[in-house]
């Protein structure tokens, strides 16, 4: 698993905390402690999913496109995690082997089951719920 989910959650939590203030990608990068190019790429993905919008220009920046109560952690996870959880082997198993013939299908089912379990868990928590931890 890569760090995209954690970065996306950090970005969205920061935007929620900012309320109606527009945040620049440089500001967000400073909070995440990551390269601004990486942050802009993730902001682009979040914008493509309808979670973030931006205003162009000198006084521009990024803001949440939806209320934090309407954004589930599963929504964020599904934007950030575009690869199978269990990874993908680069090699193709030997189709003449009784295990090699079927292992891909069995691993794909296992990956789908894990993804469903994760999504079910994350769907129960909104970004607003997650943010409440910062008020303590």
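The values are calculated or read from the model by the stated rules, or taken from the named source; none is laboratory data. Quick caveat, the model's predicted, so the values are computed rather than measured. Ideal geometry is used to build each Cβ from the backbone, glycine not excepted, and the neighbour counts take in all protein chains shown.
Before moving on, here are some points about what is shown:
- Every pair of residues 6+ apart whose Cβ atoms lie under 6 Å, when the first sits in segment 93-121 and is without any contact (Cβ under 8 Å) to a residue 40 or more places away in the chain while the second is surrounded by 11 or more Cβ atoms within 10 Å (Cβ to Cβ) and assigned to a helix (DSSP H, G or I): 93/100; 93/103; 94/100; 95/101
- Taken over segment 58-73, the residue count meeting the criterion of being assigned to a helix (DSSP H, G or I) and surrounded by fewer than 17 Cβ atoms within 10 Å (Cβ to Cβ) is 2.
- Condition check for residue 93: under 14 Å from the mean Cα position of the chain (by Cα) and at pLDDT below 95: no
- The lone criterion from (1) over 19 Å from residue 132 (Cα atoms); (2) surrounded by fewer than 18 Cβ atoms within 10 Å (Cβ to Cβ); (3) in contact with a helix residue (DSSP H, G or I) (Cβ under 7 Å, 6 or more places away or on another chain) left unmet by residue 27 is number (3).
- Residues of segment 34-57 classified as in a loop (DSSP other than H, G, I, E, B) and crowded, with 18+ Cβ neighbours inside 10 Å, total: 1
- For beta carbons closer than 8 Å, sequence separation of 6+ or different chains, a first residue in segment 4-29 that is on the phi > 0 side of the Ramachandran plot and a second that is part of a helix (DSSP H, G or I) and buried (at least 16 other Cβ atoms within 10 Å of the Cβ), there are no qualifying pairs.
- Residue match in segment 80-89 (condition: more than 14 Å from the chain's Cα centre (by Cα), crowded, with 16+ Cβ neighbours inside 10 Å and either modelled with pLDDT of 95 or more or within 22 Å of residue 124 (Cα to Cα) (or both)): no
- Of the candidates 50, 30, the single residue that is over 14 Å from the mean Cα position of the chain (by Cα) and more than 18 Å from residue 125 (Cα to Cα) is 30.
- Boolean, residue 113 is over 16 Å from the mean Cα position of the chain (by Cα) and either at pLDDT below 90 or within 20 Å of residue 49 (Cα to Cα) (or both): no
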